[in-house]
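> Quick one: this structure, given as structure tokens, is what I'll be asking you about.
The values are calculated or read from the model by the stated rules, or taken from the named source; none is laboratory data. None of these values were measured; they are calculated from a predicted model. Quick note on the areas: whole protein, heavy atoms, side chains included, nothing else; ligands and nucleic acids left out. Shrake-Rupley method; radii C 1.70, N 1.55, O 1.52, S 1.80 Å.
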Amino acid sequence: MGKPATATQKPFSWPVRIYYEDTDASGVVYHANYLKYFERARTEWLRRMGFDQVTLMQDHRVAFTVAALDVVFYKPARLDDELSVTVSVIRIGRASMNLAQNMHLTHQADTLIATLTCKVGCVDTVNFKPTAMPAVISKEMQGVS
């Protein structure tokens, strides 16, 4: 802990702006909202590869679910901040993957806001038990970060 998450490929990046509704009484982003920003970046990363949530469920009969995560907060994000949230693949297994995510101020890339590492499992949408990722999905994930 205490170090930015790293991976071998150039990370996918998604922009986030902080709105009034995101902040708490102290004027900073409420801690649970950081998880939403990280989730949105992962969702858009999948979409960039052609796998939106509906396609995953309807065409491939799978969904991805967070099995474990670790978040480290470095600095608070504040009202009207523009953030960049990245996604990088650390490891892809048969039915899961490990991802690294960093959150920076967009115009100050050296200002790290938070990091997240997570294990995401692939589950069958009928019984929600672990299942192998369809080959087309795992192949695409290995080629794009």
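> Give the accessible surface of the chain per residue, rounded to a whole number of Å², with probe radius 1.4 Å and ligands, DNA and RNA excluded.
Per residue, the chain has an accessible area of 57 Å².
> Compute the length gained on full extension between His31 and Ala67: take 0.36 nm times their separation in residues and subtract their Cα-Cα distance, giving the result in nm to one decimal.
Contour length minus the Cα-Cα distance gives 11.0 nm.
> Let me ask another. Say we join alpha carbon atoms closer than 10 Å with springs in a Gaussian network model of the chain; which of Met97, Met49, Met133 then has the biggest fluctuation?
Between Met97, Met49, Met133, it is Met49 that shows the largest mean-square fluctuation.
> Another question, if that's okay. Using just the C-alpha positions of region 75-145 as equal point scatterers, what log10 of I(q)/I(0) does the Debye formula give at each q in 0.12, 0.14, 0.21 1/Å?
Log10 I(q)/I(0), no solvent term: -0.45, -0.57, -0.86.
> Hey, another quick one. How large, in percent, is the carbon and sulfur part of the accessible surface of the chain at a probe radius of 1.4 Å?
52 percent
> Moving to a separate point now. Please state, rounded to one decimal and in Å, the Kirkwood hydrodynamic radius that the chain gives when every pair of distinct Cα atoms enters the mean of 1/r.
Answer for the chain: a Kirkwood hydrodynamic radius of 15.8 Å.
> Related question: Check which residues have an amide H placed less than 5 Å from Thr125's amide H, if you skip close sequence neighbours.
Val62, Ala63
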